[in-house]
Amino acid sequence: MFNEEEIELTDTERAALAALPRERTPSDLLEGRVMNELRSRGILSPASRRNNRVATIALRSAAAILIFFAGALTERFVSDRPTKNEIAPTQPVRTAQVELWI
């Protein structure tokens, strides 16, 4: 809320603020205990990260393929549908190109 420029501190307040303890680094013992606990729970291990990465890539690929085919099918159904002004023919219309391929 306040910027340091806006706050006017007295010399006593500045000295008290400077005397406050700064961030302490955790001891090596504490860091080791936390890391061991995370590894024992399976939260932190190289194998779990690799498996998660493979699963993430597989899921994203499957989602991309699904979205692509959903869009292709939607386009096909929308483009095949007759509009209001267009009369749907009762007999299939055969052109020369269609008959060549039959």
Problem set entry | Condition check for residue 13: at pLDDT 90 or above and either surrounded by 10 or more Cβ atoms within 10 Å (Cβ to Cβ) or part of a helix (DSSP H, G or I) (or both) | no
Exercise. Restricted to region 34-92, and to residues that are of a type in the set (Gly, Ala, Ser), modelled with pLDDT of 65 or more and outside any helix (DSSP H, G or I), which residue is surrounded by the fewest Cβ atoms within 10 Å (Cβ to Cβ)?
Worked result: 42
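The values are calculated or read from the model by the stated rules, or taken from the named source; none is laboratory data. It should be emphasised that the depicted structure is a prediction, and the values quoted were computed from it without experimental measurement. Because the Cβ atoms are built from the backbone with ideal geometry, glycine has one as well, and the counts that use them run over all protein chains shown.
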